[in-house]
Amino acid sequence: MDSSDSMETSISACSPDNISSASTSNIAKIEEMERLLKEANAERACLLETREREMELKKQALEEEKRRREELEKRLQEETSRRQKLIEKEVKMREKQRAQARPLTRYLPVRKDDFNLRSHIDSAGHNTETCYHVCVTEKTCRGFLVKMGGKIKTWKKRWFVFDRNRRTLSYYADKHEAKLKGVLYFQAIEEVYYDHLKNAHKSPNPSLTFSVKTHDRVYYMVAPSPEAMRIWMDVIVTGAEGYTQFMLQKSSVQFLSRPDLPKLAYHSIKGKSPGVIFLPGFASNMNGEKAVALEDFCKSLGHSYLRFDYTGCGASEGEMEMCTIGKWKKDVLTVIDELTEGPQILVGSSMGGWLMLLVAIARPDRTAALVGVSTAADHFVSVFKSLPIEAKKEIEEKGVWKMATKYNEEGFYNISYDFIKEAENHCVLHSPIPVTCPVRLIHGMKDDTVPWHVSIQVADRILSPDLDVTLRKHGQHRMSDKDDLKLLVYTVDDLIDKLTTN
């Protein structure tokens, strides 16, 4: 019975009606799938068409942007060319005016000791009492200015101090005057003028920007107000000795030619014996205040005098980065042998004091006396050796030492490791110094670059019995204050008198 029921059920499932129903259902599904596929294809075609239109529009927009940029670049080039021609025309006009007249300054440099800066500025039509951005006294002017950097063209607020006693325009990190950032000496300042050509790079306020031109660069500064700008310009001009002094010096600079070696720039005056030779410091030149003061003195006394620039420094040829203590020592020896006659008093400032000792050892017959100012004997080597072991190892690996200094914009000198190793061959403080001529050493006790006890060490090592050390209680490293210069001149004068009367 069960078997027959099962068979009936099976036959019923395979009946023609059931098969027809299944076929109809499958056809409907296929038709639905075909419809959906057509709709998908249509939608896909629509999307492709839309994308093509969008791409075409983007292409047209890009081509339009390209044409617009090309047109703008062309207009910019034309405008740049036009402005360049105007600038060249203006520069030529200024050069012509400079050749025919004095610089763009209101007053000639004033050197009178009794000069009252504040009275002078007030008489020029300024009201220093109402301009709270500057503080003007009889000898100084102080205030904030925004200054453009020398190499990195960024603008930074600095506290400026114009000092007629020191004959300097100094700038500090802030008004506490503790961290010196740079110094402009009066003798280097040639012109002071309003930046009418807008040469200052991205000046924060072009209408308040003025320029202080020295013999080696242009300083751009922004004053806090129009009145402050006018006061600062007229103040700085009173110390701008560069035009009358430096240009005169520049016109008389000569060059010593050497086979296969860079030419050395020098300035000399003929006169009586003994002569005086000035040796500048590291990264310095022959136009410093000490060098010029000694020249004025020797000229008045009728004695011969010579100042010069080392290879790679000042107006001399060559690259400073390629120089060494040994090469600069050869420069001094060449100058003595080729440009002077008879006994010479060597005056060395800072590193020049180190070279002075080396030359005195090499040319004892030509060295009449030595005057060292802030003598930096063995300086680079001793400072390097005082560094931590890790720092010395890093310098040796990199090959360069960023030696901290306050005498340039960057705040450091790039000293090669090879320079240090070569300098070790010329150290003098490790043994007696065979110098027997009269020696005078002058050092400032406030010297934070070369400590004054270095001069004491030099004095202990020198064999000469005729040796004096003078310490200036408030003297700085450069020893360029008025009283420092007087001491230097008096010291040289005393030696000349001693050498010529014995």
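The values are calculated or read from the model by the stated rules, or taken from the named source; none is laboratory data. All of these numbers come straight from a predicted model, not from anything done at the bench. Here the Cβ positions follow ideal geometry from the backbone for every residue, glycine too, while neighbour counts run over all protein chains shown. To get the accessible areas, we keep the full protein, side chains included, count just its heavy atoms, and leave off ligands, DNA and RNA. Shrake-Rupley method; radii C 1.70, N 1.55, O 1.52, S 1.80 Å.
Where does the charge balance sit around P262 when Lys and Arg score +1, Asp and Glu -1, over other residues with C-beta under 12 Å from its C-beta?
Net charge in that neighbourhood comes out at -1.
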Checklist outcome for this item: Share of accessible surface on carbon and sulfur in the chain, whole %, 1.4 Å probe and ligands ignored, is 53
Checklist entry - Under a plain spin-label model, where a point goes 7 Å from the Cα along Cα-to-Cβ, how far apart in nm are I87 and N425? => result 4.6
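Using 1/(1 + (r/R0)^6) with R0 = 45 angstrom and r between the beta carbons of K393 and Q60, what's the FRET efficiency to the nearest 0.05?
On the way: r = 62 Å, r/R0 = 1.39.
Plugging the Cβ-Cβ distance into 1/(1 + (r/R0)^6) gives 0.10.
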Checklist entry - When all protein chains stay in place, what accessible area (Å², nearest 10, 1.4 Å probe) is found for E71? => result 110
Item to check | the chain: antiparallel DSSP beta bridges as a percent of all, rounded to 5 | outcome: 65
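Can you tell me what percent of all Cα-Cα pairs in the chain are more than 28 Å apart?
65
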Checklist outcome for this item: Filtered hits (aspartates and glutamates, Cα-Cα < 18 Å from K385, offset >= 8 within chain) -> E394, E396, E397, D418, E422, E424, D448
Checklist entry - Arranged from highest to lowest average of other beta-carbon atoms within 10 Å per residue, in what order do the peptides 24-30, 321-327, 292-298 appear? => result 292-298, 321-327, 24-30
Checklist entry - Quick one: ranking M33, M320, M445 by accessible area, 1.4 Å probe, largest first, what do you get? => result M33, M445, M320
Item to check | Cα convex hull of the range 337-423 - mean projected area over all directions, nm² | outcome: 7.1
Checklist entry - Quick one: helix 351-362 against the long Cα principal axis of the chain, what's the angle to the nearest 10°, folded into 0 to 90? => result 50
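Listed highest first by mean packing, meaning other Cβ atoms within 10 Å per residue, what order do 61-69, 457-465 come in?
Final packing ranking: 457-465, 61-69.
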Checklist entry - Cα axis of helix 16-100 to longest principal axis of the chain: angle in degrees, 0 to 90, nearest 10? => result 20
Checklist entry - For the residue pair E129 and D365, what label-to-label distance in nm results when each label sits 7 Å from Cα along the Cα-to-beta-carbon direction? => result 7.2
Checklist outcome for this item: Taking Cα atoms, the helix 325-339 axis meets the longest principal axis of the chain at an angle in degrees (rounded to 10) of 40
Next on the checklist: Can you give the FRET efficiency to the nearest 0.05 for L261 and T80, using r as the Cβ-Cβ distance and R₀ = 25 Å?
Outcome noted: 0.05
Checklist entry - Could you sort E289, E43, E79 by accessible area so the largest value comes first, with the probe set to 1.4 Å? => result E43, E79, E289
Next on the checklist: Taking the square root of 5 times each eigenvalue of the Cα gyration tensor, what semi-axes in Å does the equivalent ellipsoid of the range 350-502 have, largest first?
Outcome noted: 30, 19, 12
Checklist entry - What is the extension gain from T501 to I27, computed as 0.36 nm multiplied by their sequence separation minus the C-alpha to C-alpha distance, in nm to one decimal? => result 157.1 nm
Item to check | Net charge of neighbours whose Cβ lies under 10 Å from the Cβ of P432, counting Lys and Arg as +1 and Asp and Glu as -1 | outcome: 0
Item to check | Check: the range 377-502 dipole with +1 on Lys, Arg Cβ and -1 on Asp, Glu Cβ, in debye | outcome: 200
Next on the checklist: Restricting things to Cα coordinates, could you compute the convex hull volume per residue of the range 146-260 in Å³?
Outcome noted: 154
Item to check | Qualifying aspartates and glutamates (Cα of each under 20 Å from Cα of K272; at least 8 residues distant if same chain) | outcome: E295, D296, D337, E338, E341, D365, D493, D494, D497
Checklist outcome for this item: In nm, the gap between the two label points placed 7 Å beyond Cα toward Cβ at E52 and K406 is 7.7
Checklist entry - Which entries in the list K270/K498; K270/K299; K330/K393; K406/K446 go over 19 Å, if you measure between the two C-alpha atoms of each? => result K270/K498; K330/K393
Next on the checklist: Students sometimes get this wrong: rank L387, L261 by accessible area, probe 1.4 Å, all chains present, largest first.
Outcome noted: L261, L387
